[in-house]
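The values are calculated or read from the model by the stated rules, or taken from the named source; none is laboratory data. Computed from a predicted structure; not experimentally measured. Here the Cβ positions follow ideal geometry from the backbone for every residue, glycine too, while neighbour counts run over all protein chains shown. Surface accessibility is based on the protein's heavy atoms, side chains included, excluding ligands, DNA and RNA. Shrake-Rupley method; radii C 1.70, N 1.55, O 1.52, S 1.80 Å.
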Amino acid sequence: MTKSELIQRLTDLNPHLKIEDAELIVSTIFEEITDALASGDRVELRGFGTFSVKHRKARIGRNPRTGENVKVDEKYVPFFKIGKKLHDDLNKD
Amino acid sequence: MNETITRADLSQAVYEEVGLSRNESSELVELVLEEISTALERGEMVKLSSFGTFTVKSKNQRIGRNPKTGEEVPILPRKVLSFRASNVLKDAINDGHSEA
């Protein structure tokens, strides 16, 4: 499923909903999550999962082709942990 | 900073942005999460451009160990969800943190 298929589903299930509004709903939700993570907040959606940010320390990496040492700067990476209900639903059969 | 955002905050954002009623805004947030969940339950990949991709992966059975007792226990075959963030999301997170 892609973003446009998701938007299509929303308008199929809610015939009075304009396509522009469905697009705005989906983009608002994911921009809100992105902004929250960018400002260091976590996003907890019970039953679905939790988005958070993890810190990765600077380290010395290695170019696997040349064996050369390269400095990798510290960085922040997004992390998703599945919620219990969704995990159980994926595994129910 | 270091707050927890929930469904209520997402519904509020949709309410302010789209101009639907509060009730309808929260129902639509719920519907978005449900539609994503049912697609994943069907085993479909869910690709949200500029956000990220959710993929269901099947894990085989393996032998685990209770770290406290050392006892061997089988970990049954199961499905796990992997989330791969888009570069847009990764960049937003790193830009946000370097400003802070």
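Collect the residues in the stretch B:47-70 that are surrounded by fewer than 17 Cβ atoms within 10 Å (Cβ to Cβ) and either in contact with a helix residue (DSSP H, G or I) (Cβ under 6 Å, 6 or more places away or on another chain) or touching a residue at least 40 places away in the same chain (Cβ under 8 Å) (or both), keeping them in residue-number order.
Hits for the stretch B:47-70 are B:49, B:50.
Does the stretch B:71-81 contain any residue that is open to solvent by less than 20 Å² (accessible area, probe 1.4 Å), of a type outside the set (A, V, I, L, M) and under 22 Å from the mean Cα position of the chain (by Cα)?
No: the stretch B:71-81 contains no residue that is open to solvent by less than 20 Å² (accessible area, probe 1.4 Å), of a type outside the set (A, V, I, L, M) and under 22 Å from the mean Cα position of the chain (by Cα).
Out of everything in the stretch B:1-22 that is closer than 19 Å to residue A:81 by Cα and not acidic (Asp, Glu), what residue ends up being least open to solvent (accessible area, probe 1.4 Å)?
Only one residue fits best here, namely B:10.
For the stretch A:18-53, how many residues meet the condition of being β-branched (Val, Ile, Thr), open to solvent by less than 40 Å² (accessible area, probe 1.4 Å) and more than 7 Å from every other protein chain (Cβ to nearest Cβ)?
Of the residues in the stretch A:18-53, 2 are β-branched (Val, Ile, Thr), open to solvent by less than 40 Å² (accessible area, probe 1.4 Å) and more than 7 Å from every other protein chain (Cβ to nearest Cβ).
Identify, from the list B:37, B:25, the residue that is open to solvent by less than 30 Å² (accessible area, probe 1.4 Å), at pLDDT 95 or above and within 23 Å of residue A:78 (Cα to Cα). Before the answer, list the steps.
Working: B:25 fails: within 23 Å of residue A:78 (Cα to Cα).
Criteria check complete, one pass: B:37.
Tell me, which strands (runs of 3 or more DSSP E) lie completely within the stretch A:7-93 with 2 or more residues that are of a type in the set (A, V, I, L, M) and within 13 Å of the chain's Cα centre (by Cα)?
A:42-45, A:75-82
Within the stretch A:75-85, is there a residue that is of a type in the set (D, E, K, R), modelled with pLDDT under 95 and out of contact with any Cys (no Cβ under 7 Å at 6 or more places or on another chain)?
Looking for residues that are of a type in the set (D, E, K, R), modelled with pLDDT under 95 and out of contact with any Cys (no Cβ under 7 Å at 6 or more places or on another chain), one finds at least one in the stretch A:75-85, hence yes.
Tally the residues that are hydrophobic (A, V, I, L, M, F, W, C) and under 16 Å from residue A:10 (Cα atoms), restricting the search to the stretch B:4-42.
If we filter the stretch B:4-42 for residues that are hydrophobic (A, V, I, L, M, F, W, C), which is where we start, we get B:5, B:8, B:10, B:13-14, B:18, B:20, B:28-29, B:31-33, B:36, B:39-40.
Retained after the next criterion (residues that are under 16 Å from residue A:10 (Cα atoms)): B:14, B:18, B:20, B:28-29, B:31-33, B:36, B:39.
Total satisfying the criteria: 10.
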